[in-house]
Amino acid sequence: MKKLIAPVSFNDIKNLKAGDIVTISGKIITARDQAHKRMIEEGKDKIPCDIEGSAIFHAGPIITGDETSGFEIVAIGPTTSMRMNPYEKEVIEMGSKVIIGKGGMDNTVKEALENEGAIYLVAVGGCAALYVDSIKNIDNVHWLDLGMPEAIWELEVENFGPLIVAMDSHGNNLFNSPKNKVKIIKN
């Protein structure tokens, strides 16, 4: 298992290959489709957190509390990443180096990962209670007007994972591997 510390640079991930298992420590941020859309509308300079070298987790955490009493994460699991396909290329071009989610992403994202030297990691669905144990602190929250699941949550994590490299920076994609092709036989 390989360990990453976020924020990351291309040098940190350039040797990772599709199929490798990793964990992440450091800062990750959550962002789903509404946050991605707003990032693009606002532009990189107006995003309230630094996404250069960031690890963005497609997740809508289950949160208790409020801004006055404080927040606590009850569970955090991956959201289906294909929902971010229309936005991810531009977000990767803004500097994110690690995207974490569930399921595959399209060829536009694959090409952006190659062009920008970034990776896509798959988190295991159904492990929301397990992943929350890796969260050490909620550092900040932005865009709560989008709702708690859609807000950007800045999280300090330790050994967050395990995560599988599904799309590496060299164009390899576990979801489009020849090994995954099924031949349909017509009778």
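Could you sort the peptides 77-84, 29-36 by per-residue average Cβ neighbour count (10 Å cutoff), highest mean leading?
Going from most to least packed, we get 29-36, 77-84.
Work out the charge dipole of the chain with +1 on the Cβ of Lys and Arg and -1 on the Cβ of Asp and Glu about the Cα centre, then indicate which of P61, P149, V22 is farthest towards its positive end.
V22
For L144 paired with E114, estimate the spin-label separation in nm (one decimal), with each label point 7 Å from Cα along the Cα-to-Cβ line.
Placing both labels 7 Å beyond Cα along the Cβ direction yields 4.3 nm.
Leaving out ligands and nucleic acids, and using a 1.4 Å probe, what accessible area per residue does the range 2-171 come to in Å²?
Accessible area per residue, the range 2-171: 42 Å².
Could you tell me the relative contact order of the chain? Use alpha-carbon pairs under 8 Å, at least six residues apart, and round to a whole percent.
Taking the mean separation of contacting Cα pairs over the length of the chain, I get 29 percent.
What does DSSP give for the chain in terms of the percent of beta bridges that are antiparallel, rounded to the nearest 5?
Beta bridges within the chain, antiparallel portion: roughly 60 percent.
Please report the carbon-and-sulfur percent of the accessible area for the chain; probe 1.4 Å, protein heavy atoms only, DNA, RNA and ligands left out.
The computed percentage sits at 49.
Which of these values of Rg/Rh (Cα atoms, Kirkwood Rh) was calculated from the structure shown: [x] 2.00; [y] 1.04; [z] 0.98?
Answer label, from the structure shown: [z].
Show the residues, 5+ positions off or on another chain, whose built amide H is closer than 5 Å to the amide H of L4.
T23, I24, S25
Magnitude of the Cβ-charge dipole of the chain, K/R +1 and D/E -1, about the Cα centre, nearest 20 debye?
In debye, rounded to 20, the chain gives about 1160.
By the gyration tensor of its Cα atoms, with a ≥ b ≥ c the square roots of the eigenvalues, what is the shape of the range 86-169: rounded for a/c under 1.5, prolate for a/b over b/c, or oblate?
Note, shape of the range 86-169 comes out oblate.
Mind giving me the nanometre distance, one decimal, between the label points for N15 and S69, set 7 Å out from Cα along Cα→Cβ?
4.8
The values are calculated or read from the model by the stated rules, or taken from the named source; none is laboratory data. Small disclaimer: the values here were computed from a predicted structure and weren't measured. A quick note on method: Cβ atoms are made from the backbone with ideal geometry, for glycine too, and the neighbour counts reach across all protein chains shown. For the accessible areas, the whole protein counts, side chains as well, though only heavy atoms, and no ligand, DNA or RNA atoms are used. Shrake-Rupley method; radii C 1.70, N 1.55, O 1.52, S 1.80 Å.
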